[in-house]
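In what follows, a structure is listed as structure tokens, so that the remarks can point back to it.
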Amino acid sequence: MMAAAAPEEPVSAPDTGSGGRRAALVINPVKSGTDDVRSAVERIAAEDGWDTPLVIETTEDDPGRGQARQALEAGVDLVIAAGGDGTVRCVAEELAGSDTLMALVPLGTGNLLARNLDIAVDDPGAAVDAAFRGTERKIDVVHVTLDRADTSHVFLVMAGLGFDAAIMSDTRDDLKDKVGWLAYVDAGIRNLPGRPTRVRVSVDGGEPFERHLRSVMGGNCGKIMGGLEIFPGAKIDDGLMDLMTVAPSGRLGWLGVLGNLFTRGRSKDPSVEYFQCHTAEVTLEEPLEVQLDGDPLGKAKHLTFEVKPYSLRLRMPFGYKDPAVVSEPLP
Ligand SMILES: [Mg+2]
């Protein structure tokens, strides 16, 4: 009897030269610098032997999902989301779970995911370069369902309800441009009056517990602007989401909450509790504002969270990554 030959790995044709790879650029035309981004994408695609990129602009009515779907239908190899956090989130919503690579060119003021991944936030040319020539990682995506809807939304960095979401919809844009995340703190202080809501939380299908809370925040990775680390030890590829409940008591209670953020969770203030989990269910007595990666989505009374580990392929720059963000630094 003849020994069976080792099965040969199927080898795909090299993806270079004409008729090879193609990128799509999903771009928010309202941002400044879009012409430069578009020409950088076309130039690098040409230099590296990619086909002429597909360029699709987002609109107010469709801030990224429809364009990303169009790119998937066209069979592109890479979708570059150029815009603010909203554009990135909407494109990711469509690409999560697919096998298509995503990259980002930050053109907003927040750029939450880019900051976590060391993608240049003030140098679109460098971000475009990393989109084509960087390395690839897989990151977790957290799916959120509001009020038992049929479809879910996603977030990549953080979700919040209550206090935190109120901040996002109330932050003055002019201030946000000047001082970044400090604007969120300012909005937080202006939002101080208000009462806690009774909230029931269940983590990983466990026994629900009740708290009087001002906010619940979900995190997929730890940092927001200025290196402020909201979720200590959170990583974007550990298959876990982080949940923080915030229950300040009285006006001075917020000082404890802020202190907790600034000391990276080391303070033992009981007004903030942290959980790590795969799924979570949150039921509110009264509907509260919900935000995902800074996008206000309106009010909801019931939320489910589910982490889908490694469900988004992402291009990012070569080089050492903060171990606070990803589980393993690159070689
Ligand atoms: Mg995580």
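In the range 113-157, which residue that is among the hydroxyl-bearing types (S, T, Y) and more than 18 Å from W50 (Cβ to Cβ) is modelled with the highest pLDDT? If you could, list the steps in order and put the result at the bottom.
Taking the range 113-157 as the starting set, the residues that turn out to be among the hydroxyl-bearing types (S, T, Y) are 135, 145, 151-152.
Filter once more, keeping what is more than 18 Å from W50 (Cβ to Cβ): 145, 151-152.
Numbers: T145: 98, T151: 93, S152: 95.
Of everything passing the filter in the range 113-157, T145 is modelled with the highest pLDDT.
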Checklist entry - All but one of (1) modelled with pLDDT of 90 or more; (2) assigned to a helix (DSSP H, G or I); (3) closer than 19 Å to C221 by Cα hold for M102; which doesn't? => result (2)
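Across the range 221-232, which residue is nearest to the ligand (Cβ to nearest atom) among those that are in a loop (DSSP other than H, G, I, E, B) and at pLDDT below 75? Step through it out loud before you land on a result.
Within the range 221-232, the first condition is being in a loop (DSSP other than H, G, I, E, B), and the residues that meet it are 221-222, 224, 228, 230-232.
Filter again for at pLDDT below 75, leaving 222, 224, 228, 230, 232.
Numbers: G222: 8, I224: 15, L228: 17, I230: 12, P232: 12 Å.
Result: G222.
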Checklist outcome for this item: So, first residue within 9 Å of the ligand (Cβ to nearest atom) in the range 233-245, second residue in a loop (DSSP other than H, G, I, E, B) and open to solvent by 10 Å² or more (accessible area, probe 1.4 Å), Cβ within less than 6 Å, six or more apart or across chains; the pairs are K235/S327; D237/S327; D238/S327
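Here is a yes/no grid of residues against (1) of a type in the set (S, T, Y); (2) within 15 Å of the chain's Cα centre (by Cα); (3) at negative phi:
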{"position": "T34", "(1), (2), (3)": "yes, no, yes"}
{"position": "I44", "(1), (2), (3)": "no, no, yes"}
{"position": "W50", "(1), (2), (3)": "no, no, yes"}
{"position": "E57", "(1), (2), (3)": "no, no, yes"}
{"position": "E60", "(1), (2), (3)": "no, no, yes"}
{"position": "G64", "(1), (2), (3)": "no, yes, no"}
{"position": "V88", "(1), (2), (3)": "no, yes, yes"}
Checklist outcome for this item: If we take the range 233-317, then strands (runs of 3 or more DSSP E) inside it with 2 or more residues that are modelled with pLDDT of 80 or more and not assigned by TED's automatic domain parsing to the domain that holds G219 are 295-316
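State all residues of the range 54-86 that are assigned to a strand (DSSP E or B) and open to solvent by 50 Å² or more (accessible area, probe 1.4 Å); if no residue qualifies, say none. Reasoning before the result, please.
Going residue by residue through the range 54-86, those that are assigned to a strand (DSSP E or B) are 54-57, 78-83.
Residue satisfying the conditions is E57 alone.
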Checklist entry - When both residues are 6+ apart or on different chains and their Cβ atoms are under 8 Å apart, which pairs have a first residue that lies in the range 121-146 and is more than 16 Å from the ligand (Cβ to nearest atom), and a second that is of a type in the set (S, T, Y)? => result T145/T151; T145/S152; T145/T304
Checklist entry - Can you name the condition, by its number, that E94 falls short on among (1) in contact (Cβ under 8 Å) with a residue 40 or more places away in the chain; (2) farther than 19 Å from G134 by Cβ? => result (1)
Item to check | Which listed residue, of R43, R22, is surrounded by 10 or more Cβ atoms within 10 Å (Cβ to Cβ), among the basic types (K, R), in contact with a strand residue (DSSP E or B) (Cβ under 9 Å, 6 or more places away or on another chain) and at pLDDT 95 or above | outcome: R22
Item to check | Residues being in a loop (DSSP other than H, G, I, E, B) and open to solvent by less than 20 Å² (accessible area, probe 1.4 Å) - total across the range 105-143 | outcome: 5
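The values are calculated or read from the model by the stated rules, or taken from the named source; none is laboratory data. What you are looking at is a predicted structure, and each value in this text was computed from that prediction instead of being measured. Glycine gets a Cβ as well: all are built from the backbone with ideal geometry, and neighbour counts include every protein chain shown. In case anyone asks, the SASA skips ligands and DNA or RNA and just uses the protein heavy atoms, side chains included. Shrake-Rupley method; radii C 1.70, N 1.55, O 1.52, S 1.80 Å.
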